[in-house]
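Have a look at the structure below, then the notes.
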Amino acid sequence: MRQLWRNLLLFLLPLFMVVCLVLVVHPEGPPNPNGFMGGLPDKHARLQSINGPRLILGGGSNLAFGVNSERLEREFGMPVVNLGLHGGLGLEFMLGELRHSIRKGDIVLLSIEHQLDMEGQPDLKRYVGELFPESRDYCQPSFPEKISLLLGETKEGLEKIFSGGLGQVDSTQVENNPVYTRSAFNKYGDVVAHIGQQSFYDGRLVKPFRYEPWKGIEAINSFYDFANELEVKVYYLFPCYPRSNFESNQAALSKITTAVKDGIHVPILNSESDFVYADTLFYDTKYHLTGKGREVRTSRMIDILKRKSVIPLSGN
């Protein structure tokens, strides 16, 4: 047994030294405040600037690219904040963000991408945590996530050491596309830099869906109970989706939407096909609408919210 522990120590010690070397030698550059994720603190600055009840949009980039919040605010006379940003942050992060943000009188519209990953991308969450420290409280990384992140940093550091790339700017900080920068957002939290640009979405490149039981249902129900205690109303909207992919993934999507309808306690306002549009109305991915597409969706959303009497109309 003693020999076994000695051999294990001899194996782990060099690995430990490599990890320490990488973490010390491999410099982590500061996050780019003008990159796409830089929109997060601006969204929260708007949240904090509004004294009364707010209409808060919660979800991923299907909301960032897919809603005209100014029209919603004008239509219902209620300040709107679009928190939609990036699906890679994970559902746990998004719901944690809402838990830290909502207060009595708010109305939350959830529009979550299909079977969105719970944990998200550890490196992206770490990056956002450095950019906006408050976000570190939105969710706690699990032990496997911490190990995965440490190994990822070690691998990246070794690659830079042996390629002579030490000191170079991390690729996650380089934002050459004006659509994916902080300035792409308007004051409501909507991406507007792509308005007027043509669609180059190709549905043939999208991998087919495969149905899997989704932990997100339980997490959404837990958030719903939390919001009810604060007297915050929460509603659910199925996201936008390209028609070609909707039709080619019918078997899996049918199971996914049935599980959501049967499982979540949150009132569902629309059908799974309400925001299904022609591929030409999608900008670059299956959840990013073009400028025209966001207007079509916003009009439909306004009709649904009115028909369901979700938001009391102001006297304007």
(message) Largest first, please: the extent of the C-alpha atoms of region 255-307 along each principal axis, to the nearest Å.
(response) 32, 27, 13
(request) May I ask you to compute the full-extension gain from D303 to S183, defined as 0.36 nm times their residue separation minus their alpha-carbon distance, rounded to one decimal in nm? (result) 40.2 nm
(request) Enter the mean projected area of the convex hull around the alpha-carbon atoms of region 194-246, in nm², rounded to one decimal. (result) 6.2 nm²
(request) Please give the residues of region 51-70, grouped as numeric ranges, whose backbone N is less than 11 Å from a label point set 7 Å along the Cα-to-Cβ vector of R103. (result) 51-54
(message) In whole Å, what are the extents of region 191-316 along the principal axes defined by its C-alpha atoms, from largest to smallest?
(response) 44, 44, 23
(request) Could you tally the net charge around D202, taking each other residue with its Cβ under 13 Å from the Cβ of D202, Lys/Arg +1 and Asp/Glu -1? (result) +1
(request) Would you mind getting me the FRET efficiency between D137 and T258? Use the beta-carbon distance for r and R0 = 41 Å, nearest 0.05. (result) 0.75
(request) Give the total of Lys-Lys pairs in region 180-255 with Cα-Cα distances below 23 Å; include a pair only if its members are 8 or more places apart or on different chains. (result) 4
(request) Note down the nm distance, to one decimal, between modelled labels 7 Å out along Cα→Cβ at N228 and at L313. (result) 3.0 nm
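Quick note: the coordinates plus some simple rules give every number you see, no bench work behind them. No experiment lies behind these values; they were computed from the predicted model shown. Glycine also receives a Cβ, built like all others from the backbone with ideal geometry; neighbour counts cover every protein chain displayed.
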